[in-house]
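To start, the structure itself, in structure tokens.
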Amino acid sequence: MSQSPPISRAALVARDAADPLAHFRDCFHIPDNLIYLDGNSLGPLPKRTVERMHQTVNEEWGRTLIKGWTACDWINAPARIGAKIARLIGAHPDEVICTDSTSINLFKTLAAALTLNPGRRVILSTRDNFPTDLYIAQGLIQHLGGGYELRMVDGERIAEYLDDQIAVLMLTHVNYKTGRMFDLPALTQQAHACGALTLWDLAHSAGAIPVDLNSAGVDFAVGCGYKYLNGGPGAPAYLFVARRWQPLFSQPLSGWMGHAEPFAFTSIYEPAPGIGRYLCGTPPILSMAALECGVDLLLEADMQQVRAKSLALTDLFIHLVDMRCAGYGLELVTPRDHAIRGSQVSFRHPQGYALMQALIAANVIGDFRAPDIVRFGFAPLYLRFVDVWDAVNRLLHILESRAWDREEFHRLKPVT
Ligand SMILES: *Cc1c(COP(=O)(O)O)cnc(C)c1O
């Protein structure tokens with residue numbers, strides 16, 4: 001086997017020039033000299049979103065006013081954008097709706113899953129799942145008057161805990177802290193084999209990793225609009241309900257927008273026939289317009305190319321940190337194995353918080369997750385291979401000079 005030549009910045013410039021996704025970078029506003037490794041927390045602003053917001057505010061809201069609900073098709077925005085997101089996650093267009101927040105969508109789908117698997121009392125999840133997923137399950141259980149249990153176990157051994165008590169397996173596809181990815185098809189199949197339903201949270205996968213819900217037979221899923229979908233801060237989220245489950249249950253947040261005929265104004269709730277019953281109240285049209293731009297942009301990219309580049313970027317980052325930053329206390333927590341790696345790289349570091357603050361001051365934006373994890377997200381549409389090189393350069397400089405050890409970098413901010 002020939003040995004690979006040492007990597008140089010010039011070689012990475014050439015690699016960027018040959019990147020089939022390179023042209024997407026210019027579709028985003030990225031401040032000069034900023035290396036943005038936090039698209040898994042808040043995606044950057046697509047240029048077309050600026051124009052679309054201008055039009056939606058000035059023309060649609062400003063001039064069309066209330067007529068916009070039909071003249072501008074605002075009323076169908078949740079279904080229309082849901083159908084577009086469906087293409088990113090291997091769902092039918094009538095199985096996804098864009099609405100509410102991920103947290104609220106977890107409540108609705110979890111309530112549905114528990115009702116549709118009567119006789120079983122356990123929600124199985126991982127101890128290190130994203131807190132809101134666990135909190136929502138706890139709140140729902142309390143609301144249902146107890147009688148249910150949230151069983152939180154070690155993710156690495158999740159399959160061993162699947163038994164005939166489990167009503168629903170509730171997992172996040174890619175762990176937000178470690179970047180570890182579950183085998184979604186295999187676990188879905190194992191859950192079904194023991195009579196459990198599945199609810200997958202795609203917050204850290206959809207838009208960065210190809211997801212095929214229907215080929216895996218998934219029952220329910222939720223996901224986030226402001227991360228890899230680049231929908232803007234607090235963008236609406238989405239949920240997926242497999243066709244086979246839609247007619248059998250209507251979720252408990254029975255607001256008028258999920259009614260079969262909202263404008264009949266009847267006093268008795270009757271759920272819409274399909275996925276529309278998972279709506280609750282009036283959709284936020286300005287936010288939906290912004291999200292639609294992000295989704296449209298992503299749909300122009302080939303998801304297989306996106307995944308290939310994501311793995312190449314994270315491989316490069318891991319490799320360069322291995323080679324250049326050894327001995328400074330960084331401990332890789334993200335799997336090296338492609339099959340179980342999402343689109344981020346996380347390290348443990350005893351001074352993780354201060355280190356990330358120093359990186360941010362040096363224009364490399366990642367984030368910190370308590371107690372000691374520095375996290376770097378790699379969104380293939382706008383990151384270049386040279387960005388990885390430059391980020392590691394700045395990281396090395398901070399580690400060598402101990403620039404993180406300044407009083408200001410130790411001061412805890414409310415959002416990390
Ligand atoms: C980001 C994220 C959420 C966010 O939920 P919100 O209701 O939008 O605040 C939920 N679940 C996971 C796994 C996440 O990573």
FRET efficiency, 1/(1 + (r/R0)^6) with R0 22 Å, evaluated for ARG127 and ALA193 via beta carbons
0.40
Please give the net charge around LEU239, taking every other residue with its beta carbon less than 12 angstrom from that of LEU239, where Lys and Arg add +1 and Asp and Glu add -1.
-2
Gap separating the Cα centres of the stretch 257-290 and the stretch 340-416, nearest whole Å
42 Å
Full extension between THR282 and TRP256 adds, at 0.36 nm per residue less the Cα distance, a length in nm of 8.5 nm
Evaluate Rg over Rh across the chain, taking Cα atoms for both radii and Kirkwood's formula for Rh.
0.99
Under the 7 Å Cα-to-Cβ spin-label approximation, LEU299 and PHE265 lie apart by a distance in nanometres of 3.5 nm
Cα-based reach from LYS413 at 14 Å (exclusive), listing aspartates and glutamates while leaving out same-chain residues under 8 positions away
ASP367
Can you tell me the length gained on complete extension of the stretch GLU51 to ASP32, counting 0.36 nm per residue apart and subtracting the Cα distance?
4.8 nm
Angle between the chain longest axis and helix 352-361 axis [Cα atoms, degrees, rounded to 10]
80 degrees
Which listed pairs, of LYS84/LYS227; LYS67/LYS227; LYS47/LYS227; LYS47/LYS177, have C-alpha distances above 26 Å, in listed order:
LYS67/LYS227; LYS47/LYS177
Projected-area average for the stretch 51-299 over all orientations - Cα convex hull basis, square nanometres
13.3 nm²
Report the calculated FRET efficiency for ASN58 and PHE249 (r = Cβ-Cβ distance, R0 = 60 Å), to the nearest 0.05.
0.90
On the formula 1/(1 + (r/R0)^6), with r taken between the Cβ atoms of ALA10 and SER401 and R0 of 22 Å, the FRET efficiency rounded to 0.05 is 0.30
Which of the trypsin sites (Lys or Arg not before Pro) found in the stretch 86-154 are loop residues per DSSP with 12 or fewer other Cβ atoms within 10 Å of their Cβ?
ARG127
Whole angstrom only: what separates the Cα centroid of the stretch 198-253 from the Cα centroid of the stretch 1-54?
26 Å
Just to be sure I understand: with springs between alpha-carbon atoms less than 10 Å apart, which residue in ILE35, ILE75, ILE85 has the highest mean-square fluctuation in the Gaussian network model of the chain?
ILE75
By DSSP, what percent of the beta bridges with both residues in the chain are antiparallel, rounded to the nearest 5?
55 percent
Can you classify the stretch 1-155 as rounded, prolate or oblate using the Cα gyration tensor, where a ≥ b ≥ c are the square roots of its eigenvalues, rounded means a/c under 1.5, and otherwise it's prolate if a/b beats b/c and oblate if not?
oblate
Gain on full stretching of the segment that runs from ASN117 to THR70 - 0.36 nm per residue minus C-alpha separation:
13.1 nm
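Read-outs throughout are calculated quantities, based only on the coordinates presented, and are distinct from any laboratory measurement. The structure presented is a predicted model; accordingly, all values stated were derived computationally and were not measured. Every residue, glycine as well, gets a Cβ built from its backbone with ideal geometry; the counts of neighbours run over all protein chains shown.
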